[in-house]
Amino acid sequence: MALIRRWVAGETVNNAVGIKIVGGPVDGRTKIVLLDEDGTPPPVIRKSGGSAGPIRHAYEAVRSTDVRAGWIYAYTGPEPATES
């Protein structure tokens, strides 16, 4: 539990960090991600299901000096539906 608290607080531990999600259907949640070798998070994450429903929503990593982790995931909008 202590490790998760450190990640959620924005501390980088074992090359992982918790990054706040801003906007969209999962606004305010934290996504724990592994950082790349250069110390950056994955550039885009996608969320679907749960309160977001069946539509996939995209979030882009953006630098932020307002949070300890130095990054947030900003909502970029729903992704177009793909036909199967």
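Tabulated data for the structure shown
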item	result
Filter result for T30 (farther than 19 Å from P80 by Cβ, open to solvent by less than 70 Å² (accessible area, probe 1.4 Å) and either touching a residue at least 12 places away in the same chain (Cβ under 8 Å) or of a type in the set (G, A, S) (or both))	yes
Flag if V67 is surrounded by 14 or more Cβ atoms within 10 Å (Cβ to Cβ), over 10 Å from the mean Cα position of the chain (by Cα), aliphatic (A, V, I, L, M) and under 24 Å from G77 (Cβ atoms)	yes
Wholly within segment 23-78, strands (runs of 3 or more DSSP E) carrying at least 3 residues that are within 22 Å of V13 (Cα to Cα)	30-34, 57-63, 71-78
Candidate set from segment 39-64 (those that are modelled with pLDDT of 90 or more and among the small types (G, A, S)); member that is surrounded by the fewest Cβ atoms within 10 Å (Cβ to Cβ)	G39
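The values are calculated or read from the model by the stated rules, or taken from the named source; none is laboratory data. Bear in mind that the values here come from a model prediction, so they are computed numbers and not experimental data. Glycine also receives a Cβ, built like all others from the backbone with ideal geometry; neighbour counts cover every protein chain displayed. For accessibility, only protein heavy atoms count, side chains too; no ligands or nucleic acids. Shrake-Rupley method; radii C 1.70, N 1.55, O 1.52, S 1.80 Å.
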